[in-house]
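Read through the structure below, which is laid out as structure tokens, and then see the notes.
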Amino acid sequence: MLFCFLKKKFMCFNYFFLTLQLRKTHKRSKMEEIIKQHIEKIRQISSATKEELENLRIEYLGKKGVMNDLFAKFKEVAPEKRKEMGIRLNELKQTAQQKIDELKALAEEKAEQNQVKDDLTKPSEIVSLGSTHPLTLVRNEIIDIFSRIGYTVQEGPEIEDDWHVFSALNFPPEHPARDMQDTFFVENGREDGNDVLLRTHTSSVQVRTMERMKPPIRIIAPGRVFRNEAISARAHCIFHQVEGLYIDKGVSFADLKQNLLYFVKEMFGEDTEIRLRPSYFPFTEPSAEMDISCTICKGEGCNICKHTGWLEIMGCGMVDPNVLDASGIDSKVYSGFAFGMGIERIAMLKYDVKDLRQYFENDIRFLNQFSGAF
Ligand code: PHE
């Protein structure tokens, strides 16, 4: 080639010039080809040991590496092609650098994992925990208060049958609660009449407990209940109740009143008063609604208590003898009382929650307000 070049140089200047151009063009495309191959080669590497990584660095970015070599050759590239070739060269350099960084991060991560595996004394990572839901806080407080006076916790299924939710609790067959408008049915119109449904109250646990245990019975049953209601600030189709039941010989209405008074004073403060208003439930006789003196205005009258000074918080009464007998407890020997309250309602009063829907929205700004956060 050199010989040829020298010979031609003497022969024709024009020809010499063309040859030079060709040589340079050839050089450029060859260089481009080399760059392309290197880029592809680098891109294909997916993992490397520490040693391989160092070798890679030396091969490309070291003093005698590919990059310096190519930059040296860059001087020979025709001026009009320099810009484009410069871009390509930088692309190669960047590709090499990025790959090295990427593989390094990967190797470090792997090393860390191995270290954690090996080092069992290493402290675990801190997992950030949420706060206790207000309904759980109130539920736990109710359980706590009643457990101090001898109540234990009982639970029952959320998918229930007609017997435990209605029939054993003395609901007549035509009672409106048995209507589709009020109850969610899983299996309706069964031949044996024992439809399957979502429990509408935790009173079903009363029945299950009486069927299973002998008096004295002193239990509370906290749990989720379901009613076919339109959702609004004051009503929801899913909510929570705590039912209480006390059965023994000689249990009277005075015992009921005393137990509830104790609960209210523990829950809302020593100065809170109660009043019982006659009411009706199929499973209790006599029945009552219990009000507490307004926790906001202390009985003076405000918007919350609709200027009555009282807030209704639960239903209660003496267990109807029919219910005792249906559940296998002799109503001639034993008597008892039952009460039931909504946890949402108690939490609304305790924490001044205005809209029931907030309990279920899981808005972190709402949930974080409550004490008991851990
Ligand atoms: N089960 C009733 C309700 O859901 C509450 C209640 C329980 C009333 C026990 C009296 C006795 O409204």
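For the reader, a short list of remarks on this structure follows.
- Residues of the stretch 197-219 satisfying the condition of being away from the ligand (no atom under 12 Å from the Cβ) and open to solvent by 10 Å² or more (accessible area, probe 1.4 Å): Leu198, Arg208, Glu211, Arg212, Met213, Lys214, Pro215, Pro216, Arg218
- When the stretch 266-281 is filtered for residues that are crowded, with 17+ Cβ neighbours inside 10 Å and either modelled with pLDDT under 95 or away from the ligand (no atom under 16 Å from the Cβ) (or both), the ones remaining, listed by number, are Glu266, Met267, Phe268, Thr272.
- Just one of the listed residues (Asn368, Asn322) is in contact with a strand residue (DSSP E or B) (Cβ under 9 Å, 6 or more places away or on another chain) and open to solvent by 60 Å² or more (accessible area, probe 1.4 Å), namely Asn322.
- Residue pairs whose Cβ atoms lie under 8 Å apart, sitting 6 or more positions apart in sequence or on different chains, and linking a residue in the stretch 323-352 that is closer than 17 Å to Trp163 by Cβ and among the small types (Gly, Ala, Ser) to a partner that is open to solvent by 10 Å² or more (accessible area, probe 1.4 Å) and more than 16 Å from the ligand (Cβ to nearest atom), are Ser327/Glu211; Gly328/Glu211.
- The lone criterion from (1) in a loop (DSSP other than H, G, I, E, B); (2) closer than 30 Å to Gln358 by Cα; (3) not acidic (Asp, Glu) left unmet by Ile149 is number (2).
- Boolean, Glu229 is open to solvent by 10 Å² or more (accessible area, probe 1.4 Å), within 14 Å of the ligand (Cβ to nearest atom) and within 25 Å of Ile143 (Cα to Cα): no
- Output for the stretch 165-189, where each listed residue is part of a loop (DSSP other than H, G, I, E, B) and free of Cβ contacts under 8 Å to residues at least 24 places away in the same chain: Phe166, Pro173, Glu174, Asp179, Asn188, Gly189
Yes/no matrix, rows are residues, columns are (1) open to solvent by 60 Å² or more (accessible area, probe 1.4 Å); (2) modelled with pLDDT of 85 or more:
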position	(1), (2)
Leu2	yes, no
Phe5	yes, no
Glu33	yes, yes
Glu40	yes, yes
Leu53	no, yes
Leu56	no, yes
Met67	no, yes
Glu80	yes, yes
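- On the stretch given as the stretch 180-196, residues that are at pLDDT below 90 and surrounded by 11 or more Cβ atoms within 10 Å (Cβ to Cβ) total 1.
- Under the condition of being open to solvent by 20 Å² or more (accessible area, probe 1.4 Å) and away from the ligand (no atom under 13 Å from the Cβ), the residues counted in the stretch 236-256 number 9.
- The residues in the stretch 114-146 that are polar (S, T, N, Q), within 27 Å of Ile364 (Cβ to Cβ) and part of a loop (DSSP other than H, G, I, E, B) can be counted, and the count is 4.
- Residue within the stretch 115-129 that is more than 15 Å from the ligand (Cβ to nearest atom) and in contact with a strand residue (DSSP E or B) (Cβ under 8 Å, 6 or more places away or on another chain) present: no
The values are calculated or read from the model by the stated rules, or taken from the named source; none is laboratory data. All figures in this text were calculated on a predicted structure; none of them were measured in a lab. Glycine gets a Cβ as well: all are built from the backbone with ideal geometry, and neighbour counts include every protein chain shown. Remember, those area values only see protein heavy atoms, side chains included, never the ligands or the DNA or RNA. Shrake-Rupley method; radii C 1.70, N 1.55, O 1.52, S 1.80 Å.
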